[in-house]
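The values are calculated or read from the model by the stated rules, or taken from the named source; none is laboratory data. Computed from a predicted model, the values in this text were never measured in an experiment. Keep in mind that these areas ignore ligands, DNA and RNA; they rest on the heavy atoms of the full protein, side chains included. Shrake-Rupley method; radii C 1.70, N 1.55, O 1.52, S 1.80 Å.
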Amino acid sequence: IVKSNLKNMEKRFKLFFFGFGQVAKYFLNKLIQEKYNFDLVTTNTKKTENKIFNKFNFKSYYFFNNKFDPQLLNELENSNKVLISIPPIEGHDVVLKTFHKIFKESKFDWITYLSATSIYGNKNGEWVDENTNPNPTSSRGIARLNAEKAWLEYFKNYKIPIQIFRLAGIYSNENNVLKRLKLGTQTVIEKKNHYFSRIHVEDIAEILFISLKKFNSGEIFNISDDYPSSNIELVKYAASLINIKIPKSISVDQIESEMLKDFYKDSKKIKNQKMKSFFEHNLKYPTFKEGLEFIKN
């Protein structure tokens, strides 16, 4: 059953962000632009303090591993909507592990857990959708899948209103291949039949925003653009946009970063049909080409 949260939008609501990275920031920007009537509480790993973002005031509470400012509990209990963008720690979702009692007695009407498409593992360049059996190869992918299962267990047992977004590789105006090319930090990896999908953070924020009114508990959505590609295709296009020479290629064996090594173990193309039809969203950046054109300008 699709339930509409439209009435909640008319009265002031309280939003709780576990983590305040680029997705949370773009989502907050969208809510500010749309002049929504809301209060915000976030978490950070340093100390509790008042913060201002884009002229918007909010309180950010200390939360790291299982340690947190006790005042956070009252704030969470009195929130309506919760966004979880903190990655798993030691193989588990640290939010559910630490605050499971509050989620069991959930009075929330919207909870979104941001997962990753790494849960699918390697599919040798084939297409995957939400019905594809997850088979993660990396420790990060395994931890993400554990976290998803834990949240879905709570949905089943305690009827909590949770949706899971499996995010493809995120890029943004601040973090993208054009910037890395200019800084000289972009690598080109030679690997046949290696495909990956990506999504501009603005499109993620847009879908989060739509989901405030259009929400289906217990659902999983792939959040990706329409055009999976290889690393070399992406880099070639980006380099041509800004007239920079393509960096020298290296082989997978020469990769030093463990995270990047993990990334190159998996090759898959992410289907986004379910996301597009349920949220009725036309992507602002359907491929990396539109995204990079926009960033370049």
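Tell me, what is a quarter of the convex hull surface for the C-alpha atoms of the chain, in nm² with one decimal? It would help to have the intermediate numbers written out before the result.
Working: hull surface 62.2 nm².
Computed as one quarter of the Cα hull surface, the answer is 15.5 nm².
Calculated accessible area for segment 22-87 comes out at 54 Å² per residue, all protein chains present (probe 1.4 Å; ligands, DNA, RNA ignored).
Using only Cα atoms, tell me the angle between helix 201-211 and the longest principal axis of the chain; keep it within 0 to 90° and round to the nearest 10. Here the helix axis deviates by roughly 30 degrees.
For Asp39, the residues whose modelled amide H falls within less than 5 Å of its own, excluding neighbours fewer than 5 places apart on the same chain, are Phe13, Lys14, Leu15. A convex hull fitted to the Cα coordinates of segment 166-212 yields 83 cubic angstrom per residue. The antiparallel fraction among DSSP beta bridges confined to the chain stands at about 20%.
Suppose all protein chains stay in the model; what accessible area per residue would a 1.4 Å probe give for segment 204-297, in Å²? Intermediate results must be reported in sequence, preceding the final value.
Numbers: 4590 Å² over 94 residues.
In whole numbers, segment 204-297 has 49 Å² accessible per residue.
Tell me the mean residue ellipticity at 222 nm calculated for the chain from its helices only (DSSP H runs of n ≥ 4, each -39500 (n - 2.57), averaged over every residue, nearest 500). Roughly -10500 deg cm²/dmol at 222 nm, from the helical runs in the chain.
Against the chain, whose longest principal axis is taken from its Cα atoms, helix 22-33 shows a tilt of about 60°.
Principal-axis analysis of the Cα atoms of the chain puts helix 94-104 at an angle of about 30° to the longest axis.
If you stretched the chain out fully between Glu105 and Asn157, how much longer would it get, using 0.36 nm times the residue separation minus the C-alpha to C-alpha distance? Walk me through the numbers before you get to the answer.
Details: separation 52, 0.36 × 52 = 18.72 nm, distance 1.11 nm.
Roughly 17.6 nm would be gained on extension.
Using C-alpha pairs below 8 Å separated by at least 6 residues, the relative contact order for the chain is 20 percent. Most mobile of Lys81, Lys248, Lys47 per a Gaussian network model of the chain (Cα springs, under 10 Å)? Among Lys81, Lys248, Lys47, the largest GNM mean-square fluctuation belongs to Lys248. Surface composition of the chain: carbon plus sulfur atoms contribute 49% of the solvent-accessible area (1.4 Å probe, protein chains only, all chains present). Taking Glu148, Glu75, Glu233 as the candidate residues, the one with maximal mean-square fluctuation in a Gaussian network model of the chain, Cα springs under 10 Å, is Glu233.
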